[in-house]
Every structure is written in structure tokens, then in C-alpha cells.
Amino acid sequence: MGRKHRKSKQEQPILATHVVLYDEGETFVASPSDPPAAGLSGSWGVCMNVLNSIVGAGVIAIPHAMADGGFLPVMMLLILGALLTMYSMNVIVSLGDLHQADTFEGLAKVAFGYRGFLVVCFFQFVFSFGANCSYLLVIGDTLPPLVGHLMNMSFANGSPIATEDTPLWLSVLTSRNYCVTLIAVGILFPICMQKNFASLSKFAGLSIVGVIFCGVCILYKCIAQIDSLPLVDSGGTYYDYIAIHHKVFPAIGTIAFAYVCQHQTYLVYNSMLDKSPQHFAYVSKWSVAASFFVILLFGIPGYLMFLKDTHSDIFLNFTDHTDRLIQACRLITVLGMILTFPGEFMVARYTLQILLEGNYKTNVEHLFLEQDKRTGMFDPEECIVSPTNRSCLQARGQPISAFSPRWHFGLTVVLIIAIVTLSLADPNLGDITSLTGSFSAVALAFILPAACHLRLGVPPEVHSKWHDHYVPWLTIIFGSIAFVVSTTMSIINIIQHTAEINT
């Protein structure tokens, strides 16, 4: 029933060609001709992959989540979120190993049929779409003030002010809307048009280092200013550090947004050198622990410095534009968002493609397809290894559908336009992270893995009533309450926030 019957030696290097790999400091993508071990990651590489899938734009909003939900309640929720993330990741992998599933949506199809497949695809797309919107919002919050400071422009309410003498190019870069549009169309669109992201993968580890550096800088600023910080606001010590605030449920959405990585779990698992659920459980434990540490690097000092006045993007609270350390953090954050955007965009586009294609087996191959640019000749041997390859479909006279260049281009254009439009319509990062987290991240991270666990079960000889019955039921109950209440409150907050802006 295990992996020996599910994977052949011939298939193993195929999986390795489609996953971003870190192997003890060196990043590479293997080709089908490479030995199986050459394209796989050791424990350190897998830790880096898991950490990279968790750490993103969500950590920037954690201090704001503490202001919304309360310091101590959010700290407890962060611990709970880490534990549930470890549980759900391991459940997905172990159930897939038992039931011959290689993707999250494939596992849901085994458990609930085609409806389960559609549900996972839906939430997977919504989260990836929302995550891309959040990346653009962070760029819009960060890049214009940075450029304005470098060009010695005047500021009002934290934003650079263009005058009649300001050059056109500078006015574009310091205008939030124009800047977001320019970055999306001029930089991100050409990158996202690629089907081969191997050139980006070697820089992906830099985003992790950058996030950690920014977190350390915020901690340093907090320690350096500790004597001048109020530490207690007008609400008093109990309200600032112990009480549950009225926006605690939207804060749950932000926390789920920060932790969710279940839609990328199999991509990481399939890159493991020692591929087993037991080894993955060990590695994921330390990876989630490291992510929890990075989240606290942003959350605790960020909240202590600004308390209830914390913005959804923590860097908006730093109004001293002569602070070179914060300016360096802003630049690193922008670069990190640009490097992270294509990966989530690819997941969103891939989800649409497999739905349009009607390929309900959800072959992982399409997601990280490596194109051979050396030749356009048809290779019959390649069709034995990769029967769904585009050239093989053409040779058999079958329709290419959503994986054709025309559909690839069209879906990329439509998604870029939709992401930019939503990012410009609501410039509040907290709105996007809380709604996306409450709606899709809670479902992906908590509800769906636990539901698959209860539906499929485990063999009687390894069954534990606590782990295989009570834990999934408690996870579903918590996730369902958070899903309904958090989503409702997030929508209400967005409506109220929009009304305040328009009045």
C-alpha cells in the first residue's frame, strides 16, 4: 500500500524536474536524465522550502493582528496555528502515502470525489489570487515612499508629494496606483509569462533571508527605543496585553494567511531525498517552529512600538524617511514580494488550467513544467515518460486546451488585470489578508485536511482515538467557526472601512 507500489524508479526524476529545490545552499532543477538523487533535497533543503512557503506578506500584518485581536489572545492563536499547521501538513502527506495521491486536490478527490477536487481547487485559487493581491499592496505601500526619500521629495501623511516640476517618471514611481500598475505590467507580467521558473528559484532563498533581516531590524528598533516607548496605551495594561479585542476573528484570518502552506505541501514532499511521511513529519516540525520564530520577530516588537496605532503594513508606521535601516528593509521587502509573486501566480493559473483542461488526475507535472528550448522535434521516448507533454498531445492529434500557448497567454493577462484591479480598489493590506485568510486559508489549512482525515481514516493497527478522531473533529469545529465568523466580520470591516474613506 505504501510508496513502493505508487512510485516507480522511472517516475522519481520526473517529479524532481517540477519543484524548486534547495540542496545544502545550492539551488538547481534536475532534468529527466539526471540520477534520481541529484534532483532531490536533504533535510535542510526541505526546511528551506517549507519556510519559504509559509513566510511571506502575512508576517508584515501580524503586529496589526495583535492590535485587532489583543496581544495575549493572538499569541495563543499563533501557537495554535503552528500546531494545527504541523498536524494538517503531516495528515495530507500520510494520507496521500496510504491512498496513492500526489496532490492536495488529488487527495480530496479520493476522499470526496470530484466535488472534493473542485472545493480544493476553488480555495487554492482564491488564496493564491489573494496572496498575489497582498504582494502588490506591499509593493504599493513600500516603493513610493522609498523612491520619494531617495529623490528628496516632500511628504504628507507618509506619502511623497509630486509638484509641477517633478519629472513624469518620478511622478509615476511615487504614485501608488501608477507604481503598482507599472511593476505588475512591466516586471511581473513578463516573468509570469514564463513556464520555466528555474531562473527565479536560485533567488527564492534570498526572500527568506530578507524577511529575517527585516524582522531583526524591527526588533533592534524596538530595543533601541524602549525607553521612549509608551508600552501602555490609553486603554490600560489589561486591554493592551491581556484582553480579547473585538476584531479577534479577522485576526484569525490574518494568522491563517501567514501560516497556510498546505497547497504547496506535496511540491515540497516530492522533492525530498529521504521521502517518507515519518521524515517529513520531523522536518516539518522544525520548519514550522522556525516560521513561528520569524512571525514573532515581526509581531512582538512591531506591536510594542505602536500598540493600537499599528498599521496593517508595519513599515507604514515608520514615518522617519531619513532612517537608512528602515529604507533598506523597505527595499528588501519590495524585492522579496517581486520574487515571491510568480510562484503563487503560477499556482492560481495552474488551478484554472487543470479545471479548463478537465484533467482531474491533477498531474503535478504541469505546474513546474520545464521546457526544452534546444529543440522543437517530437521525441517518442519522451511520451513514454511524460504522456501529457504538449508535443505528445499534438502528435496524437488531441486538443491541447488550457495548456496551449494561446490559453497560457490569455489566462496570464486576465489574472494580471484582475489582481491589479483588486489591489487598486482596496489599498488596505489588512482587508486582503484578513478576508483571504478567513475565507480560503482557514479552509485549506484547517477544515479540508481534517475532513480528509476523518473521511479516509488510517489502518486499524496505527489508529489512535485522540489523534485520528478527536483532533480532526476539534480542528473542523474550530476551523468552521473561524471560517464563518471571521469571513463575515472581515466583510463587515471592509464595508465600514470603505464607507469611512468615501465620507
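Listing for the model above:
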{"quantity": "Condition check for L136: modelled with pLDDT under 90, assigned to a helix (DSSP H, G or I), under 24 Å from A328 (Cα atoms) and not hydroxyl-bearing (S, T, Y)", "calculated": "no"}
{"quantity": "Filter result (of a type in the set (A, V, I, L, M, F, W, C) and more than 16 Å from Y135 (Cα to Cα)) within segment 324-357", "calculated": "L325, I326, A328, L352, I354, L355, L356"}
{"quantity": "Scan of segment 401-421 for residues that are at pLDDT below 90, of a type outside the set (K, R) and in a helix (DSSP H, G or I), ordered by number", "calculated": "S401, A402, F403, P405, W407, H408"}
{"quantity": "Long-range neighbours under 7 Å by Cβ, at least six apart or interchain, first residue more than 14 Å from R176 (Cα to Cα) within segment 146-158, second outside any loop (DSSP other than H, G, I, E, B) and β-branched (V, I, T)", "calculated": "M153/I161; M153/T174; S154/I161"}
{"quantity": "From V59, V50, V91, residue being β-branched (V, I, T), assigned to a helix (DSSP H, G or I) and at pLDDT 90 or above", "calculated": "V91"}
{"quantity": "Y241 of a type in the set (S, T, Y), within 21 Å of L335 (Cβ to Cβ) and out of contact with any Gly (no Cβ under 6 Å at 6 or more places or on another chain)", "calculated": "no"}
{"quantity": "Single match in L182, L170, L136 (criterion: under 19 Å from E344 (Cβ atoms) and of a type in the set (A, V, I, L, M))", "calculated": "L136"}
{"quantity": "Tally of residues being at pLDDT 85 or above and either loosely packed, with under 11 Cβ neighbours inside 10 Å or outside any loop (DSSP other than H, G, I, E, B) (or both) across segment 228-248", "calculated": "6"}
{"quantity": "Test for L335: is it surrounded by fewer than 20 Cβ atoms within 10 Å (Cβ to Cβ) and under 19 Å from the mean Cα position of the chain (by Cα)", "calculated": "yes"}
{"quantity": "Residues within segment 308-325 that are part of a helix (DSSP H, G or I), over 24 Å from the mean Cα position of the chain (by Cα) and either among the basic types (K, R) or buried (at least 20 other Cβ atoms within 10 Å of the Cβ) (or both), tallied", "calculated": "2"}
{"quantity": "Options S438, S480; residue that is part of a helix (DSSP H, G or I) and either at pLDDT below 85 or touching a Ser or Thr at 6+ places or on another chain (Cβ under 6 Å) (or both)", "calculated": "S438"}
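The values are calculated or read from the model by the stated rules, or taken from the named source; none is laboratory data. What you see is a predicted model, and the numbers here were worked out from it, not measured in a lab. Cβ atoms come from the backbone with ideal geometry, glycine included; neighbour counts cover every protein chain shown.
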